[in-house]
Amino acid sequence: MATLVLTTVGGLAGGPIGAALGGMLGQAVDRNVLFRPKGRHGPRLNDLAVQTSRYGQPIPRLFGRMRVAGHVIWATDLVERRERQGGSKGQPAMTRYSYSASVAVALSARAIRGVGRIWADGNLLRGAAGDWKVPVQFRLHLGSEDQAADPLIASAEGGENAPAHRGIAYAVFEDLPLEAFGNRIPSLTFEVIADDEPVPAATIAQALAPAVIASMPGDEAAMLPIDGFSAYGDSVRSVIETLAEVAGAWFVPIGDRVAMRGDPAPTRMLAAGAGQRRIAPPARAPHAMTVSHYDPARDWQAGVQRAARPGALGPAMSIDLAAALPAERARAVAETMLARTSSARATRRIVTDIAAVDVLPGSVVSLSGEAGAWRVRSAEIERFAVTIELVALPPPVVALPAASGRVLRQVDVPAGQTIVHVAELPAMMGEGAGPTIAVVAAGSTPHWRRAMIHHSIDDGASWTAAGATPAAGTIGTIVAAASAAPATLVDRRTVIEVSLAHDGMMLTSMDAAGLDRGGNLALVGDELLQFGSVEQVGAGRWRLSDLWRGRFGTTPALLAPGDRFVILEREAMLRILPLTGAGGTVRVMARGVGDEQGVEAAVRLTGAASLPLAPVHLSADIREGALALRWRRRSRVDWWWRDHVDVPLGEEREAYEVTVTTAIASHIVVTAVPYVTVPLSALNGAPLRAAVRQIGSLGASSPATLTLGDDE
């Protein structure tokens, strides 16, 4: 707090009361401050909700658990980073700019236990479990009297110029990414845990002003546990008056100190005697009381409770309480304050003998022959007579139900661990040549969002940033073995059962037209296949049927339990173009917000996208002393038979290498047409095996083979 000097609470904390005997003792506790009708009073709630950075702004002392914005006490300029993307396959390069900043935020001028959730621009940045929703470097200084300066601030400002901010709890964000916040420092709010348990009102008052007694045995109001409280304002007096309002209490002098009291039971009976009785007009008392507070059920955001007297003529009052109160308690505060302002219309002034010299302001008394209780507002002693001013107290307020209203909380679930798969894909959908590495990542929970990807072509000696995954993919594993099947027919016999990474992943059926457009394409093991029908058989368990096997030149294979299952969708794939060719290994490391360390995967390049496909329909015929071989080429450029005549070559020239093996030698022929004739006399023996490879611009395909003699 900016001011830690307790001003006189009704003039009662200045010294021993007995020293003033023989003169006039004017002791007034509330001086009509607590219950005087006003339009609005109390610290404004938005003082805690809006982040500021101004010299002279008081830093609150927090108690219990509160949500505050804090004050920015240090920040760096924006740091710009450039990342060049693209620029291959004839595509223009793009330079992407990103920004970050480091910032320190003061939270409390009192030591705290820790910080729970953190919001940035109203969106959850840190969950209740301590999990971050975006990558963040964060340090918290708890506000001890011996804490050291933050290392980042010390590095930036110099050790001799970096304050340790001892006694102030503050948070430091280092290199906070600003892309999600419009490249500006967001408005941050923190769930500050200043104490492990709710703190009694009197304990808070005593912590702020030693003249206040911390405990009053048996007084439930003074010992009322408060979930959270923010002590700040122009004076300590205004703060402890707010505490009294929250607790439904007032102050009573005890020696040279004061104590908080809220028990309305009279402790003494006085004779009414001579005096004055006054009742203020009804219009002087408010007809409604509105209490604004912080509601724990609303994630410590502002809540409002209202009490009203139907038919009353007075003004409406409102008060902002910088306290965290359940809706029921805030409603009780409103009802109690309204009842007291209404009953305070009735005042009494009585004169009694010196026997009442020990009746002090704040005491609760009753009058002989009259019902009800009265609070002593002031007591004056003059010529052995005691003049006492009284204000009527209302009967106990009946607790009424209250609700916090509709609460729309943000989902707060840990993002889970990253699962990443990497594969070399053949050219698909009319794409050109060149090695294409597809990275698909997801999380172990539905709340995983993305991961940052780096790749290495030198076995991890160096890593290159590849950006972030665009969206969570659909990933799982094969549950039961499945046999291979021809790629030329729809496989209606095989059923593949898969287990997805979490229950939030879904699969859908698709008709033949949708499959022909490339839908439901999955990487299963090393085979690309498509599926037409799906059936959910359990949580995260699916059966796939109506399979199109061996898609885009891959080989139908026997599927084993544990083989990967990855849906290939453009919006979920990150493509990287490593500067390495066939035979090289590419390692990929993914790191999401839920990963303490990076998750790695690797793929060995085979040239699937840059090398020709193996020829098909290889046949052999021996006649007239010669071996005639014929085959059909395939194209990796276009997978659709668009003109019903031929498919694009996809290479600079058409060429094939034919190898015919005998028992004693091999005969190699290079040809530019899909057939060849080899005289048997040139083979030096009976042919046993033939292999045909297409020669492409970047290398040869895998061979199409035929064992000779089987078909003859």
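Data for the structure
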| item | result |
| --- | --- |
| Contacts under 6 angstrom Cβ, first residue in the stretch 617-636 being within 11 Å of Val676 (Cα to Cα) and touching a residue at least 40 places away in the same chain (Cβ under 8 Å), partner of a type in the set (S, T, N, Q) and surrounded by fewer than 14 Cβ atoms within 10 Å (Cβ to Cβ), 6 or more apart | Arg630/Ser619 |
| Hits in the stretch 101-133 - residues which are in a loop (DSSP other than H, G, I, E, B), surrounded by fewer than 18 Cβ atoms within 10 Å (Cβ to Cβ) and in contact with a Leu (Cβ under 9 Å, 6 or more places away or on another chain) | Arg113, Asp121 |
| Residue within the stretch 223-233 that is acidic (Asp, Glu), out of contact with any Leu (no Cβ under 7 Å at 6 or more places or on another chain) and closer than 29 Å to Gly114 by Cβ present | no |
| Close pairs from the stretch 58-72: first within 19 Å of Leu243 (Cβ to Cβ), partner at pLDDT 90 or above and among the basic types (Lys, Arg), Cβ under 8 Å, at least 6 apart | Arg61/Arg110; Leu62/Arg110; Phe63/Arg110 |
| Members of the stretch 672-683 that are over 12 Å from Ala628 (Cβ atoms) and not in a loop (DSSP other than H, G, I, E, B) | Ser681, Ala682 |
| Count of residues meeting criterion [part of a strand (DSSP E or B), over 16 Å from Ala472 (Cβ atoms) and over 27 Å from the mean Cα position of the chain (by Cα)] in the stretch 565-589 | 5 |
| Condition met for Arg653 (modelled with pLDDT of 90 or more and surrounded by fewer than 16 Cβ atoms within 10 Å (Cβ to Cβ)) | yes |
| Output for the stretch 259-276, where each listed residue is loosely packed, with under 13 Cβ neighbours inside 10 Å and assigned to a strand (DSSP E or B) | Arg268, Met269, Gln276 |
| Ala441 vs. criteria under 30 Å from Ala608 (Cα atoms), surrounded by 21 or more Cβ atoms within 10 Å (Cβ to Cβ), at pLDDT 85 or above and not β-branched (Val, Ile, Thr) | yes |
| Filtered residues of the stretch 491-518 (kept if touching a Ser or Thr at 6+ places or on another chain (Cβ under 9 Å) and in a loop (DSSP other than H, G, I, E, B)) | Arg492, Arg493, Thr494, Val495, Ala501, His502, Gly504, Met505, Met506, Leu507, Ser509, Met510 |
| Condition met for Ala403 (on the phi < 0 side of the Ramachandran plot and either free of Cβ contacts under 8 Å to residues at least 12 places away in the same chain or part of a strand (DSSP E or B) (or both)) | no |
| Count of the stretch 458-512 residues which are without any contact (Cβ under 8 Å) to a residue 24 or more places away in the chain, closer than 16 Å to Val422 by Cα and surrounded by 18 or more Cβ atoms within 10 Å (Cβ to Cβ) | 0 |
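The values are calculated or read from the model by the stated rules, or taken from the named source; none is laboratory data. Because the structure is a prediction, the values reported are computed rather than measured. Every residue, glycine as well, gets a Cβ built from its backbone with ideal geometry; the counts of neighbours run over all protein chains shown.
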